[in-house]
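Notes follow once the structure below has been shown.
The values are calculated or read from the model by the stated rules, or taken from the named source; none is laboratory data. This one's a predicted model, so the numbers in the text were calculated from it and none came from an experiment. Cβ placement follows ideal geometry from the backbone for every residue including glycine, while neighbour counts extend to all protein chains displayed. Surface accessibility is based on the protein's heavy atoms, side chains included, excluding ligands, DNA and RNA. Shrake-Rupley method; radii C 1.70, N 1.55, O 1.52, S 1.80 Å.
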Amino acid sequence: MPRTLVALIVLGFSSVAAAQQPAAQPQAQPTAVQPAGAVPPQQMAPAGPPVSPFQVAPEHQAWLEQVLLKWEKDSKTVNNFYCDFKRKTFNIAGPADGGPFAQEDGKLAYHKPDRGSFEIVNSVVWTPKSQATVPNQLPEQNQPAAEGDYLPRKDVDGNVEPGEHWVCDGKSVYEYRRHDKTLVVNPLPPNMQGQQIVDGPLPFLFGADAAKLKERFWMQPAPELCRGNFIGIHAKPKLQAGAAEYSDVYVVLRNEQGKPLMPAGLRVVHPNKSWDQYEFKLDNAQVNPVIAGWFAELFQEPRTPIGWKRVVQPLQPQIQQAQQPQQPVK
């Protein structure tokens, strides 16, 4: 997840909280001195609204509206959710045959409205033979090695790294930062506690609000993903905050009678053209399970790994940033 957890979670919580705040009064701006011959701003043609990168036929747009409304309706029926998932990461460091650089197993849980857990429990990365004996050696000229194997991800000291892990218990957000071996604790202010998780470590992960999805994404049907009991949507971010993290998102929704419409798969394409592919094991997922001890433990404060440090930091700077008007993608 290139984007830091704090920015993702706080943006989601604060978007709800900000809607409850009165609009700020505009402040008078000093009159700027115009250079000779310059066209006054009021005489310049105003910039038009951002233009969608998609050309969607009216009948396809109507279909998309129906899908989003059903997804929103079904999401409201999901109070508790748990499933396992697989993630594959594709980038230039992968094998020569185009296979994934990393293959990981994880578990995902949600308790409405403000508790979530996302954890990678097993991770192996493509390791060329040259690096198997000499760790952290980069491939020559950035060319993928023809021979190698998938080995556990290790840090610079040769220790197996814990997988990505974030937890929101409704009062704080906890995040593992592997690059500096830090468990970061981000307390949520009282006015943001109890608010719905609008975003998390992934877009489209925790339910759907049709209006908010349309505010944040351009969307069109993805016919190549609409097969059998599955519906495909191709989305592009409307806002700069999203565009900094991903250029495209492909969502595959399970559409089976008697079951809620929900993501069965995601492909998140990053600006550098690498991508993460998620497969959610919905056949074995638990929807609205009885809250037992094992389920409640998923939202408890994670332990600090041996050799790591724990840092508690205020969220005020991130909150102020998240509440700034988001700029549209040009």
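Need the list of lysines near K309 for cross-linking: C-alpha distance under 17 angstrom, and skip anything on the same chain fewer than eight residues off.
Reachable lysines: K181.
Where does each of D248, D97, D209 land when they are ordered by accessible area, with a 1.4 Å probe and the largest first? Spell out each step's value before the answer.
Working: D248 20, D97 135, D209 55 Å².
Heavy-atom accessible area, descending, gives D97, D209, D248.
In nm, to one decimal, how far is the D157 label point from the N191 one, both placed 7 Å along Cα→Cβ?
In this crude spin-label approximation the distance works out to 4.2 nm.
In nm, give the distance between the simple-model label positions of E147 and A296, each being 7 Å from the Cα along the Cα-to-Cβ direction.
5.5 nm
Apply the a/c threshold of 1.5 to the C-alpha gyration tensor of the range 252-304 and tell me whether it is rounded, prolate or oblate. Numbers along the way, then the final one.
Values: a/c = 3.78, a/b = 1.21, b/c = 3.14.
Verdict is oblate for the range 252-304.
Between N122 and C226, take the C-beta separation as r, use R0 = 25 Å, and let me know the FRET efficiency to the nearest 0.05. The partial results should precede the final answer.
On the way: r = 32 Å, r/R0 = 1.26.
Given R0 = 25 Å and the Cβ-Cβ separation, E is 0.20.
What is the packing order of peptides 50-56, 68-74, taking the mean over residues of other C-beta atoms within 10 Å and listing the highest first?
Order by mean packing, descending: 68-74, 50-56.
In debye to the nearest 20, how big a dipole does the range 83-131 give about its Cα centre with +1 on each Lys and Arg Cβ and -1 on each Asp and Glu Cβ?
Working: 7 positive and 6 negative charges, 10 e Å.
Using only the charged Cβ atoms, the result is roughly 40 debye.
May I ask you to compute the full-extension gain from D105 to Q257, defined as 0.36 nm times their residue separation minus their alpha-carbon distance, rounded to one decimal in nm? Present the calculation step by step, with values, prior to reporting the outcome.
Details: separation 152, 0.36 × 152 = 54.72 nm, distance 2.80 nm.
Net length gain for the segment: 51.9 nm.
For a test of the definition: using alpha carbon positions, the gyration tensor, and the 1.5 limit on a/c, classify the range 153-263 as rounded, prolate or oblate. Display every interim value, and only then the final one.
Details: a/c = 1.94, a/b = 1.51, b/c = 1.28.
Prolate.
Below 12 Å, Cα to Cα, which aspartates and glutamates can K129 reach? Residues fewer than 8 away in the same chain don't count.
Cα-Cα hits under 12 Å: E147, D149.
Pulled fully out, how much extra length does the chain show between Q66 and R303, if you take 0.36 nm times their separation in residues and subtract their Cα-Cα distance?
Details: separation 237, 0.36 × 237 = 85.32 nm, distance 4.32 nm.
So the extension gain works out to 81.0 nm.
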